[in-house]
1. I'd like to verify a number: residues in region 145-203 that are of a type in the set (D, E, K, R), over 27 Å from Arg244 (Cβ atoms) and open to solvent by 10 Å² or more (accessible area, probe 1.4 Å), how many?
2. Which number in (1) within 21 Å of the chain's Cα centre (by Cα); (2) crowded, with 19+ Cβ neighbours inside 10 Å marks the one condition that His363 misses?
3. Tell me yes or no: at least one residue of region 342-355 is open to solvent by less than 50 Å² (accessible area, probe 1.4 Å), part of a helix (DSSP H, G or I), modelled with pLDDT under 95 and of a type in the set (Gly, Ala, Ser).
4. What single numbered condition from (1) under 22 Å from Asn374 (Cα atoms); (2) in contact with a strand residue (DSSP E or B) (Cβ under 8 Å, 6 or more places away or on another chain) fails to hold for Gly254?
5. Which condition does Asp3 not pass, out of (1) farther than 20 Å from Asp153 by Cβ; (2) at pLDDT below 95; (3) touching a Leu at 6+ places or on another chain (Cβ under 7 Å), if it passes all the others?
6. Residue check: is Trp524 surrounded by fewer than 23 Cβ atoms within 10 Å (Cβ to Cβ), closer than 17 Å to Asp342 by Cα and touching a strand residue (DSSP E or B) at 6+ places or on another chain (Cβ under 7 Å)?
7. Scan region 223-250 residue by residue and report those that are in contact with a strand residue (DSSP E or B) (Cβ under 7 Å, 6 or more places away or on another chain), more than 17 Å from Leu173 (Cβ to Cβ) and among the aliphatic types (A, V, I, L, M).
8. Without any contact (Cβ under 8 Å) to a residue 60 or more places away in the chain, surrounded by fewer than 20 Cβ atoms within 10 Å (Cβ to Cβ) and over 21 Å from the mean Cα position of the chain (by Cα) - does that describe any residue in region 459-468?
Amino acid sequence: MSDAPMPETILAGNELAAERAKAGQPPLVPSTSRDRGIGPHKRLVLRAATVIDGTGAPPIGPTDIVVENGRIVQLKKVTGNLANSANRPAPGDHEIDCRGKWVTPGFVDCHAHAGVAYHAANGWVPPVEYVYKLWLAHGVTTVREMGSFNGLDWMLDQKKRAEANTIAAPRLLAYSYFPAVNDMLKLIHTPEEGRVWLRKLKERGADGVKFFGAPPAIMEAALDECAKLGLKSGCHHAQMAVTRMNALTTAGWGLTSAEHYYGLPEALFEDRVVQNFPLDYDYNDEYFRFSVSGQMFRQGAEPGSRKWNETLERFLELGFTFVPTFTIYDANRDLMRARQADWHKEYTWKSMWDYFTPQRGGHGSYWYRWSTQNEIEWKENYRLWMAFINEYKNRGGRVCAGSDSGFIYQIFGFGYIRELELLQEAGFHPLEVVRAATSQGAALCGLEDEIGTVEVGKRADLLVHDHNPLTDFKLLYGTGALRLDEATNGATWHRGLKYTIKDGVIYDTAELLADVRALVKATWDEAVPAQYATSPQAAP
């Protein structure tokens with residue numbers, strides 16, 4: 001892409017969309033109407049639920065939850081015989097029997113993309129209805145959209161429709177890409193240009209900014225301006241910029257959160273400044289970019305060392321947040337598992353599957369040289385990365401759940417549930433996992449007074465589970481988990497999430513999943529060229 005400044009007629013946050021339009025790439029198809037969900041009701045009552053409130057507190061029940069006009073107005077402990085218990089809330093105009101069920105807050109996906117239209121030329125992007133319904137079907141009621149790569153105009157339109165519940169979609173927060181790195185679209189060349197751009201972005205209604213790095217003077221000024229404007233910020237510390245500022249540097253300048261893991265190993269370096277890159281490394285080769293990334297943590301300080309502890313304490317002093325997105329790199333340590341996941345056959349859009357397979361030039365499609373050694377290195381990378389994140393949480397630091405799905409064999413919704421599993425693998429108690437996915441995510445988004453916990457006064461973003469999610473996060477997958485039916489001694493699929501409630505609108509997850517399966521099936525019913533014979537549909 002050109003480094004030439006864009007015309008003043010291009011509004012801040014629309015630069016990448018304008019570049020795509022110039023290249024003749026089609027825009028992502030937006031959602032314009034709601035075909036699923038009932039309500040919001042004037043008075044909704046959830047009867048006799050066991051509540052996991054999102055604070056980290058243990059389950060409690062039975063409890064009646066009363067919702068009026070999309071907000072929780074009463075939590076009433078049920079005593080005595082459920083059928084005849086006195087002093088229960090008055091009937092609602094709609095009720096859900098939650099006996100034997102669990103209720104949690106809706107999940108917050110703190111790093112997600114509503115489709116990424118800059119790959120549209122490859123036929124990669126499905127309509128956004130596919131994305132939204134997969135999110136809702138997996139309990140995601142709020143999304144921090146990190147980049148607004150379809151254009152801020154597009155994103156703000158979808159945000160407005162989601163707020164009004166005129167589309168079947170989670171609550172959407174619009175973060176715009178900051179155009180100041182060389183490997184993408186670079187339009188900002190001075191600190192003052194960055195400040196002006198951010199002021200324009202704030203005026204247009206953005207919630208925050210997604211950074212990939214920038215020259216240090218520009219980055220520091222931009223983060224200062226974000227603080228003045230009340231714009232939140234997240235940064236993927238791209239390898240082309242991280243040698244000049246790691247995650248601890250930008251945290252000191254006011255960055256809200258670090259995305260993924262880039263920038264953290266560099267903050268732990270003791271005997272070097274630059275990662276030990278192979279001398280024939282080329283960042284534009286995706287295999288190099290991702291294979292060598294798996295070697296970074298082992299070049300940093302050991303767990304428990306002085307440098308390790310100093311780094312942890314400094315991040316804690318700054319009140320920093322990590323959004324690790326463990327899930328998006330999960331295939332790096334076990335490619336076969338990610339490629340053969342249960343859900344691909346019925347829930348992966350055909351052109352997405354095509355995009356995931358090895359190819360030159362496709363972001364995250366770098367499997368043309370992936371080896372056993374690569375997987376071993378990435379497993380070690382995860383061991384050290386998870387140790388840091390878990391210890392940060394143990395010392396009181398904020399860690400949030402984010403998925404970044406849509407790449408590297410990770411599918412919307414399914415990738416988010418995998419993130420919950422990986423947080424548990426890192427050492428989080430299941431209650432801490434739910435806390436990261438709910439109240440901690442709400443606090444990062446600045447919405448802690450509105451969502452994230454089951455409390456009076458909060459918006460009715462609630463999930464109704466047929467099974468206790470703390471016992472097995474696999475039950476949250478849209479496919480469910482394979483279990484033994486003791487009555488028949490046969491295998492059966494168990495799925496835990498029954499309803500997703502957002503702002504009091506009740507979505508039946510089975511209906512959402514059926515819609516997605518129908519959409520996906522249509523893409524696979526077309527004639528499949530021979531080169532796609534390795535598709536999941538062809539698998540036994």
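The values are calculated or read from the model by the stated rules, or taken from the named source; none is laboratory data. Because the structure is predicted, anything quoted here is derived from the model rather than measured. Every residue, glycine as well, gets a Cβ built from its backbone with ideal geometry; the counts of neighbours run over all protein chains shown. For accessibility, only protein heavy atoms count, side chains too; no ligands or nucleic acids. Shrake-Rupley method; radii C 1.70, N 1.55, O 1.52, S 1.80 Å.
1. So the count comes out to 8.
2. With respect to (1) within 21 Å of the chain's Cα centre (by Cα); (2) crowded, with 19+ Cβ neighbours inside 10 Å, His363 is out only on (2).
3. yes
4. The one condition Gly254 does not meet is (1).
5. Of everything listed in (1) farther than 20 Å from Asp153 by Cβ; (2) at pLDDT below 95; (3) touching a Leu at 6+ places or on another chain (Cβ under 7 Å), Asp3 misses just condition (3).
6. Against the criterion (surrounded by fewer than 23 Cβ atoms within 10 Å (Cβ to Cβ), closer than 17 Å to Asp342 by Cα and touching a strand residue (DSSP E or B) at 6+ places or on another chain (Cβ under 7 Å)), Trp524 does not qualify.
7. Leu223, Ala247
8. no
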